[in-house]
1. Could you check, for segment 91-102, whether at least one of its residues is farther than 30 Å from Ser17 by Cα and either among the β-branched types (Val, Ile, Thr) or at pLDDT 95 or above (or both)?
2. Among the residues of segment 24-41, what is the count of those that are basic (Lys, Arg) and either more than 20 Å from Gly79 (Cβ to Cβ) or not in a helix (DSSP H, G or I) (or both)?
3. Report, ordered by the first and then the second residue, all pairs with beta carbons closer than 7 Å, sequence separation of six or more or different chains, a first member in segment 30-47 that is within 17 Å of Thr16 (Cβ to Cβ) and at pLDDT 95 or above, and a second member that is assigned to a loop (DSSP other than H, G, I, E, B) and hydrophobic (A, V, I, L, M, F, W, C).
4. State which residue is nearest to Ile34 (Cα to Cα) when the search covers only segment 51-88 and only residues that are touching a residue at least 60 places away in the same chain (Cβ under 8 Å) and of a type in the set (D, E, K, R).
Amino acid sequence: MAMMMQTNPSSDTHNTSYSISDLAREFGVTTRAIRFYEDEGLLRPGRSGRQRVYRTRDRVRLKLILRGKRLGFSLNEVGEIINMYDSNPGEAGQLRYFLEQIRQRRETLKQQHHDIDVTLQELDTIEAQCQDRLTTLS
């Protein structure tokens with residue numbers, strides 16, 4: 001899974017547009033969630049009257065937001081990664097930052113995995129002690 005995808009609007013050669021309902025249906029999220037991402041500054045749809053008009057750039061950004069969430073990144077972290085593409089140091093800086101975020105996320109998950117293993121061992125020990133005690137009471 002690569003978080004990096006071009007989000008440059010000039011890559012939108014066909015000028016494809018999507019409604020909020022189109023994106024919600026495609027990605028299995030609510031329109032409320034999409035509006036929330038907009039409120040957080042992660043999506044910037046255009047307007048046609050009162051209706052939101054999302055372009056390919058917004059669709060890609062939504063895909064990256066959801067992917068980042070699945071990987072356990074906060075919305076703030078996802079936003080930083082996505083927004084780095086358009087600013088200095090550009091894609092190279094974005095990639096370096098993302099690699100560091102991956103390293104940190106992996107370390108956190110390894111620690112959580114270790115903690116779960118320890119807890120499972122403790123539960124096994126306590127369960128065995130309870131079973132032994134129940135046997136002696138019978």
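1. Residues of segment 91-102 farther than 30 Å from Ser17 by Cα: 96-97, 99-102.
Those still in the list that are either among the β-branched types (Val, Ile, Thr) or at pLDDT 95 or above (or both) too: 102.
Yes, some residue in segment 91-102 is farther than 30 Å from Ser17 by Cα and either among the β-branched types (Val, Ile, Thr) or at pLDDT 95 or above (or both).
2. Step one: list which residues in segment 24-41 are basic (Lys, Arg), which gives 25, 32, 35.
This time we only want the ones that are either more than 20 Å from Gly79 (Cβ to Cβ) or not in a helix (DSSP H, G or I) (or both), so: 25.
Going through segment 24-41 one residue at a time, the tally reaches 1.
3. So the pair list comes out as Ile34/Leu43.
4. The qualifying residue nearest to Ile34 (Cα to Cα) is Arg67.
The values are calculated or read from the model by the stated rules, or taken from the named source; none is laboratory data. Since the structure is predicted, the reported quantities are computational estimates derived from the model, not experimental observations. For neighbour counting, all protein chains shown are included, and Cβ atoms are generated from backbone atoms with ideal geometry for every residue, glycine included.
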